[in-house]
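Colleague: Before I ask anything, here is the structure I am working with.
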Amino acid sequence: MTINIALLGFGTVASGVPFLLKENGAKITAAANADIKIAKVLVKDEAEKNALLAEGKAYHFVTDIAEILNDASIDIVIELMGRIEPAKTFITKALQAKKHVVSANKDLLAVHGAELLAIARDNGVALYYEAAVAGGIPILRTLASAYQADKITKILAVANGTSNFMMTKMVDEGWTYDEALAEASRLGYAESDPTNDVDGIDAAYKMVILSQFAFGMTINFEDVRHEGIRHITPEDVTLAQKLGYVIKLVGEIVERESGIYAEVVPTFLPKNHQLATVNGVMNAVFVESIGIGEAMYYGPGAGQKPTATSVVADIIALAHGIVKGEKVAPFNNFARETVYAKKEDLLDKYYFAIETEDKTGQLLKLAELFEAENVSFGQVFQENLAENRASIAIISHQMDLNQFDSLVEKISALPGFTLRNTIKVI
Ligand SMILES: NC(=O)C1=CN([C@@H]2O[C@H](COP(=O)(O)OP(=O)(O)OC[C@H]3O[C@@H](n4cnc5c(N)ncnc54)[C@H](OP(=O)(O)O)[C@@H]3O)[C@@H](O)[C@H]2O)C=CC1
Ligand SMILES: N[C@@H](CC=O)C(=O)O
Ligand code: NA
């Protein structure tokens, strides 16, 4: 039997699909119990089609989605264009045409996933998206199947390859921000608009999807507190190193008694924490659960071949069901009512980087603010800067999110003090 697939878009990830089908064809055919054939490829316009044909890419390129939607021989549509529109419309129409869909589009799935999954269900087809979270790491399938008997209590994740690659190059090799971003784009890691990568938005989308698979709860994207890597300074990095930490952009999802909470923020990780060794384009998802305990899933978070491998794994899983003539199972069955945690249940330590005049009593003023919030200092460092200025770094003991927000507000409003940065400490 032959399963016909159509690719929507032929960029970095999509062009990795033919590579795997060719290089690993026999194994893929055996696994799918069918030959997988790329029947059509949607490109943007005639110019792109002609350029690809001139490069020797011998596919049936089309520029009108109707040629795919109306083609009854196509079983699976693979959306690899990115962004919300027209991807959302194309996926909707493909599902309504009773075609299964594979996508790597976390932006779309995080914001409109529930709607698309309902359309899939109503049309008796499935929507799979392993590549949408942590590129090449088979994490969604693992959470959906291997954790069925377990209860996950916390996830920590380095979930954006681009920003982790950039931080690694800047910290370890002294690259500039612009050099590191340009290389991440050249290597095919960054989104077409890399704002999402560097501002923590891409990782926040991934937290929304992870929360559905790990906790059965759909957190609204707007409820994922997120911050990127732009505000991390060389001083923060140096201080982290002196104190035995490394800084990474870390996503966290926790379930407390009151409910669930997710955020993506720059984080001080102790050097001996497993996530501290996740460098370059590597991602890792560190899972804490009542059964397995601690487990970490590590691998490339972006890049053509790793991501295409996850896409093809989804195609194989769908093909299996199609060949058997069975209804294909949904990607994830775990769903509960979403209940958000209370801020007072969210306890963390924080690093506060503050600048002020180097004179008697300044530290006392900060100590009074902390005391008023009932938060104690863990470690305090002061360095004298030029022009009689001082840089003060405080690592606090645990405080809840209300106390943290209140301290940020109060320090920012303290005359003569500048709150330069705050970073979560694990
Ligand atoms: N790159 C990676 O490592 C990873 C990517 N992903 C996701 O995979 C998806 C694809 O990413 P990637 O391959 O890197 O992106 P690319 O930008 O390399 O590829 C997308 C391609 O789709 C084309 N395209 C856009 N709109 C249309 C349209 N209407 N019709 C036909 N073609 C269109 C684009 O053309 P043009 O450039 O002219 O706009 C481009 O060639 C995204 O959702 C991304 O977030 C997920 C995990 C990892
Ligand atoms: N731009 C993303 C690609 C994978 O999701 C990243 O860098 O992680
Ligand atoms: Na994945």
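The values are calculated or read from the model by the stated rules, or taken from the named source; none is laboratory data. All values derive from a computational prediction rather than experimental measurement. Please note: Cβ atoms are built from the backbone with ideal geometry, for glycine as well, and neighbour counts cover all protein chains shown.
Colleague: Has segment 380-403 got any residue that is among the hydroxyl-bearing types (Ser, Thr, Tyr), surrounded by fewer than 15 Cβ atoms within 10 Å (Cβ to Cβ), touching a residue at least 24 places away in the same chain (Cβ under 8 Å) and assigned to a strand (DSSP E or B)?
Modeller: Scanning segment 380-403, I find no residue that is among the hydroxyl-bearing types (Ser, Thr, Tyr), surrounded by fewer than 15 Cβ atoms within 10 Å (Cβ to Cβ), touching a residue at least 24 places away in the same chain (Cβ under 8 Å) and assigned to a strand (DSSP E or B), so the answer is no.
Colleague: Has segment 132-149 got at least one residue that is more than 16 Å from ligand 3 (Cβ to nearest atom), of a type outside the set (Ser, Thr, Tyr) and buried (at least 19 other Cβ atoms within 10 Å of the Cβ)?
Modeller: No, the conditions are met nowhere in segment 132-149.
Colleague: All but one of (1) within 16 Å of ligand 2 (Cβ to nearest atom); (2) part of a helix (DSSP H, G or I); (3) not basic (Lys, Arg) hold for Met81; state the number of the condition that does not hold.
Modeller: Going through (1) within 16 Å of ligand 2 (Cβ to nearest atom); (2) part of a helix (DSSP H, G or I); (3) not basic (Lys, Arg) one by one, Met81 breaks only (2).
Colleague: Among the residues of segment 14-47, which ones are out of contact with any strand residue (DSSP E or B) (no Cβ under 6 Å at 6 or more places or on another chain) and either among the hydroxyl-bearing types (Ser, Thr, Tyr) or not assigned by TED's automatic domain parsing to the domain that holds Ser103 (or both)?
Modeller: Ser15
Colleague: Within segment 244-270, which residues are closer than 20 Å to Glu173 by Cα and either outside the structural domain of Val198 (by TED's automatic domain parsing) or in contact with a Phe, Trp or Tyr (Cβ under 8 Å, 6 or more places away or on another chain) (or both)?
Modeller: Tyr245, Val246, Ile247, Phe268, Leu269
Colleague: Within segment 177-215, which residues are of a type in the set (Val, Ile, Thr) and over 13 Å from Gly161 (Cβ atoms)?
Modeller: Scanning segment 177-215 gives Thr195, Ile201, Val208, Ile209.
Colleague: Moving to a separate point now. Can you tell me how many residues within segment 1-51 are of a type in the set (D, E, K, R), assigned to a strand (DSSP E or B) and surrounded by fewer than 17 Cβ atoms within 10 Å (Cβ to Cβ)? Can you show your working first?
Modeller: Of all residues in segment 1-51, those of a type in the set (D, E, K, R) come to 22-23, 27, 35, 37, 40, 44-46, 48-49.
Restricting the remaining residues to those that are assigned to a strand (DSSP E or B) gives 35, 37, 40.
Keeping just the survivors that are surrounded by fewer than 17 Cβ atoms within 10 Å (Cβ to Cβ) gives 35, 37.
Count: 2.
Per-residue answers, yes or no, for (1) on the phi > 0 side of the Ramachandran plot; (2) within 16 Å of ligand 2 (Cβ to nearest atom); (3) outside the structural domain of Thr195 (by TED's automatic domain parsing):
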site	(1), (2), (3)
Ile119	no, no, yes
Ala131	no, yes, yes
Thr142	no, no, yes
Ala159	no, yes, no
Thr162	no, yes, no
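Colleague: Moving on. For Ser192, are the conditions met, namely being in a helix (DSSP H, G or I), within 16 Å of Val13 (Cα to Cα) and within 16 Å of ligand 2 (Cβ to nearest atom)?
Modeller: In short, no.
Colleague: Taking the condition among the aromatic types (Phe, Trp, Tyr), in contact (Cβ under 8 Å) with a residue 60 or more places away in the chain and assigned by TED's automatic domain parsing to the domain that holds Leu318, does Phe61 pass?
Modeller: Details: among the aromatic types (Phe, Trp, Tyr): yes; in contact (Cβ under 8 Å) with a residue 60 or more places away in the chain: no; assigned by TED's automatic domain parsing to the domain that holds Leu318: yes.
When the stated conditions are applied, Phe61 does not pass them.
Colleague: Just give me the residues in segment 80-113 being within 23 Å of Ala335 (Cβ to Cβ), within 16 Å of ligand 3 (Cβ to nearest atom) and in contact (Cβ under 8 Å) with a residue 40 or more places away in the chain, in sequence order.
Modeller: Once the filter is applied, which keeps residues that are within 23 Å of Ala335 (Cβ to Cβ), within 16 Å of ligand 3 (Cβ to nearest atom) and in contact (Cβ under 8 Å) with a residue 40 or more places away in the chain, segment 80-113 yields Val102, Ala104, Lys106, Asp107, Leu109, Ala110, Gly113.
Colleague: Among the residues of segment 320-334, is there at least one that is assigned to a strand (DSSP E or B), exposed (fewer than 14 other Cβ atoms within 10 Å of the Cβ) and either not assigned by TED's automatic domain parsing to the domain that holds Thr218 or not aliphatic (A, V, I, L, M) (or both)?
Modeller: no
Colleague: Among the residues of segment 278-331, which ones are away from ligand 1 (no atom under 14 Å from the Cβ), among the small types (Gly, Ala, Ser) and in contact (Cβ under 8 Å) with a residue 60 or more places away in the chain?
Modeller: Across segment 278-331, the qualifying residues are Ala284, Ser289, Gly291, Ala317, Ala319, Gly321, Ala329.
Colleague: Inspect all residues belonging to segment 145-156 and state whether any of them is touching a Leu at 6+ places or on another chain (Cβ under 7 Å), among the aromatic types (Phe, Trp, Tyr), touching a residue at least 40 places away in the same chain (Cβ under 8 Å) and in a loop (DSSP other than H, G, I, E, B). Explain how you work it out, then say what you get.
Modeller: Let us first name the residues in segment 145-156 that are touching a Leu at 6+ places or on another chain (Cβ under 7 Å), namely 155-156.
Subsequent filtering for residues that are among the aromatic types (Phe, Trp, Tyr) retains none.
Scanning segment 145-156 turns up no residue that is touching a Leu at 6+ places or on another chain (Cβ under 7 Å), among the aromatic types (Phe, Trp, Tyr), touching a residue at least 40 places away in the same chain (Cβ under 8 Å) and in a loop (DSSP other than H, G, I, E, B).
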